Amino acid sequence: MVNHQHEHSVGEDPKVTPTVEEYLESIYNMTVDEGKPAIAARLAQRMGVSPVTVFDTVKRLKGEGRGDGFVIVDEKSKEITLTERGKEVALSLARRHRLTERLLVDVLGLDWEESHEEACRLEHSISPRLEEALTAFLGNPQTCPHGNPIPGSGAKIDPRAHPLNEIAAGSDIIVIRIGEEAEHEPGLLKYLQQYNFVPGVKFHVKGASPFNDVVTAINNEGREITLGVKTANKIWVLPVDH
């Protein structure tokens with residue numbers, strides 16, 4: 001991750017810096033990939049900074065009101081949304097990040113929990129030429145290793161998918177994607193990969209109890225995995241019809 005220090009002076013137009021890219025990508029992931037509102041408190045938690053820092057940074061990202069800003073903040077709901085300029089930057093970084101993860105996992109053999117952090121370090125240095133070469137070398141992949149669509153690849157989020165915690169016990173499912181929110185938890189990524197709870201693998205939901213705050217699933221090999229409800233909410237699956 002980048003060092004989230006202030007990189008603008010008050011009154012300056014917002015420039016595209018690594019910190020700006022990280023903020024915009026996080027807002028994009030929250031609102032588009034996760035379908036949740038981006039508010040300062042959640043953004044602070046995601047970025048690992050204080051709410052005051054987020055407030056100050058978002059204020060700068062709004063620009064000077066001349067159409068040069070990256071975000072818009074709703075005065076009533078306080079929800080943060082991307083302008084077209086902000087979305088363009090966010091999509092560019094998300095593409096570089098997910099392509100880099102594919103390289104690290106598929107070619108270099110890194111584990112999930114390592115690939116995300118390493119991709120965060122490398123993504124800001126990838127030029128358009130290198131991105132083009134990387135795409136060709138990898139065969140124009142559609143998703144990152146965790147199943148999230150790579151912007152520009154033509155892949156879309158499957159609207160039929162549901163968070164695992166919404167699936168009833170007794171259902172058969174196929175794992176579609178591990179949300180970006182979960183990628184910020186290296187221990188969780190390691191746990192999911194260890195139990196082969198990865199995109200494309202089928203599982204049977206053995207138990208789902210919101211009262212016990214756990215979801216238990218079993219794969220075709222008889223391996224059982226137990227996840228907390230909050231964690232299951234970050235994993236998107238598709239019910240399998242018989």
Study note, to complete from the structure: So the helices (runs of 4 or more DSSP H) completely within segment 22-121 holding 1 or more residues that are free of Cβ contacts under 8 Å to residues at least 60 places away in the same chain, in contact with a strand residue (DSSP E or B) (Cβ under 6 Å, 6 or more places away or on another chain) and on the phi < 0 side of the Ramachandran plot are 51-61
Revision key, fill the gap. Here the residues within segment 25-59 that are within 16 Å of V71 (Cβ to Cβ), charged (D, E, K, R) and crowded, with 17+ Cβ neighbours inside 10 Å are E25, R42, R46
Review point. If a residue has to be in contact (Cβ under 8 Å) with a residue 24 or more places away in the chain, under 30 Å from C120 (Cβ atoms) and out of contact with any Phe, Trp or Tyr (no Cβ under 7 Å at 6 or more places or on another chain) to count, how many in segment 204-229 make the cut?
Key: 3
Review point. Quick check, is V2 at pLDDT 90 or above and under 24 Å from P151 (Cβ atoms)?
Key: no
Exercise for review: Determine which member of the set A182, A168, A161 is over 15 Å from R98 (Cβ atoms) and surrounded by 17 or more Cβ atoms within 10 Å (Cβ to Cβ).
Suggested key: A161
Exercise for review: Taking the options S26, S77, S50, name whichever one is under 19 Å from the mean Cα position of the chain (by Cα) and among the polar types (S, T, N, Q).
Suggested key: S26
Check your understanding: Residues of segment 184-242 being in contact with a helix residue (DSSP H, G or I) (Cβ under 9 Å, 6 or more places away or on another chain) and at positive phi, which ones?
Key -> D213
Practice item. Quick one: C120 ticks every box in (1) modelled with pLDDT of 95 or more; (2) under 18 Å from N29 (Cβ atoms) except a single one, so which number is it? Key: (1)
Revision key, fill the gap. Pairs returned, first residue in segment 144-160 that is among the basic types (K, R), second residue that is outside any loop (DSSP other than H, G, I, E, B), beta-carbon separation under 8 angstrom, 6 or more apart or interchain, are K156/P149; R160/L238
Practice item. For segment 63-74, state whether one or more residues are of a type outside the set (S, T, Y), more than 17 Å from E88 (Cβ to Cβ), surrounded by 15 or more Cβ atoms within 10 Å (Cβ to Cβ) and modelled with pLDDT of 90 or more. Key: yes
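The values are calculated or read from the model by the stated rules, or taken from the named source; none is laboratory data. Just so we're clear, the structure is a prediction, and the values are computed from it rather than from any experiment. Cβ sites come from the backbone with ideal geometry, for glycine too, and all protein chains shown count toward neighbours.
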